[in-house]
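Structure first, then comments.
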Amino acid sequence: MATVRIPTPLRKYTEGKEEVDIAGANVGQLLDNLDAKHGGIGERIRDPKGAVRRFVNIFVGDEDIRFLDGLETPVKDGDEVSIIPAIAGGL
Amino acid sequence: MTCFVVIGAGGLGCPALMGLQAGGARRVLIVDDDAVDLSNLQRQVLYSVAELGASKAQCAAWTLASRDREVEARTLARRLDPDSPTLLAELLDAAPTDASEELVVLECSDNPRLKFAVHDACVAASVPVVVGGVVGWRGQAMAVDPRRPELPCYRCLFEEPPPRELAPACAAVGVIGAAAGVVGQWMATLALSVASSLPGSPPDKVNTASGGGFDHKLTSEQPSLSAESTSGRESSRAGAGMLIHFDLLNTRIQRLEPTPRKGCRHHGELC
């Protein structure tokens, strides 16, 4: 299991939890399993074609998956996966 | 001398301006077309009840001037249009025009498209820019120094602005005033750090707490982001090219250090 860190706007899908433990051999599988367990969260992270939305970044540990193997990036037990969207507020 | 252009004198802009002044900034241009509202006062700490209804930019300039007579604070009461091709030119026209002056822009608005547009305009013009955002307990800030193409820009990290429906605004979901203070002050720190690396410039003076004056040059003896860094990788960034992500409810701070992204509109040809 990897630990997925959930950004505040998406915690309504995880019953308010900031971290959830999810299985998956790679990031794509992990996101599939995340959506299966917490319905609705997947479409906030990926577009209808399955690609990570362009204002969202996913990190495995400290590494941006775009510089690894994208959704094919392997995930090991104990890895921390962070979902980081752009934050635009300033009011 | 460096002129710090602060776009948006709200929840981020107010603490950013205070941080810039505390750090020794001498020239600022404050861009905001809004008026002070009672609901602002909880986090927009440059304003008071007596200023309700007055121009934020003007009130912010007055407050800075009341704290330090040497600060030259100009104002531009204008709402910037993210679709304007002359976005940066509008700012440059309003900024002081001393040929020896360098600009550092701080994007403190609450408009996602404007953040990206200001960033793009600054990168195109080779002007350093600090982009920040805050909502709820979370915030982000990133300094981009286009004079250093080996470092990533904001577009390397976030390819496009989030649509409104997926990016809740502070007005809709709220913001913790202290969180805005942390992120705004951090933006000022980044701007000062980048300014300290501008050729032939500032080091404007640093306002040292002990002396109470502006008698200390920002030099290598001063604490800086690079000096505080622990790894060699970031030691040459002077605060630029890394995104700091704050989750202040849980006291988690992440430092993301991407590399320039292939396909980025600004870096694509370099990768």
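The figures follow:
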| item | result |
| --- | --- |
| Test: B:SER39 is polar (S, T, N, Q) and part of a helix (DSSP H, G or I) | yes |
| Unmet criterion (only one of (1) outside any helix (DSSP H, G or I); (2) at the interface with chain A (Cβ under 10 Å from one of its Cβ atoms); (3) in contact (Cβ under 8 Å) with a residue 60 or more places away in the chain) for B:LEU114 | (1) |
| Flag if B:GLY11 is under 23 Å from B:VAL118 (Cα atoms) and within 14 Å of chain A (Cβ to nearest Cβ) | yes |
| Some residue of segment B:24-32 being assigned to a strand (DSSP E or B), out of contact with any Ser or Thr (no Cβ under 9 Å at 6 or more places or on another chain) and in contact (Cβ under 8 Å) with a residue 40 or more places away in the chain | yes |
| Within segment B:243-262, considering residues that are more than 21 Å from A:ILE6 (Cα to Cα) and in contact (Cβ under 8 Å) with a residue 24 or more places away in the chain, the one farthest from the other protein chains (Cβ to nearest Cβ) | B:PRO260 |
| In segment B:42-80, the residues that are loosely packed, with under 14 Cβ neighbours inside 10 Å and acidic (Asp, Glu) | B:GLU70 |
| Set A:THR14, A:THR8, A:THR73: member being among the hydroxyl-bearing types (Ser, Thr, Tyr), under 30 Å from B:ALA178 (Cα atoms), buried (at least 17 other Cβ atoms within 10 Å of the Cβ) and without any contact (Cβ under 8 Å) to a residue 60 or more places away in the chain | A:THR8 |
| All positions within segment A:54-87 that are facing another protein chain (nearest Cβ under 8 Å) and basic (Lys, Arg) | A:ARG54, A:ARG66 |
| Residue within segment A:9-21 that is within 14 Å of chain B (Cβ to nearest Cβ), closer than 25 Å to B:CYS153 by Cα and at pLDDT below 95 present | yes |
| Test: residue in segment B:21-29 that is buried (at least 16 other Cβ atoms within 10 Å of the Cβ), more than 23 Å from B:VAL175 (Cα to Cα) and over 18 Å from the mean Cα position of the chain (by Cα) | no |
| Tabulated pairs, segment B:10-22, first in contact (Cβ under 8 Å) with a residue 60 or more places away in the chain, second of a type in the set (Phe, Trp, Tyr), C-beta under 7 angstrom, 6+ apart or interchain | B:LEU20/B:PHE4 |
| Members of segment B:125-141 found to be assigned to a strand (DSSP E or B) and touching a helix residue (DSSP H, G or I) at 6+ places or on another chain (Cβ under 6 Å), listed by number | B:VAL129, B:VAL130, B:VAL131, B:GLY132, B:VAL134, B:VAL135, B:GLY136, B:ARG138, B:GLY139, B:ALA141 |
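Matching residues to (1) in contact with a Leu (Cβ under 6 Å, 6 or more places away or on another chain); (2) assigned to a helix (DSSP H, G or I):
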position	(1), (2)
B:VAL5	yes, no
B:ALA9	no, no
B:CYS14	yes, yes
B:MET18	no, yes
B:ALA61	no, yes
B:SER66	no, yes
B:LEU91	no, yes
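The values are calculated or read from the model by the stated rules, or taken from the named source; none is laboratory data. Owing to the predicted nature of the structure, the values given are computational and were not obtained by experimental measurement. Every residue, glycine among them, receives a Cβ derived from its backbone with ideal geometry; neighbour counts consider all protein chains shown.
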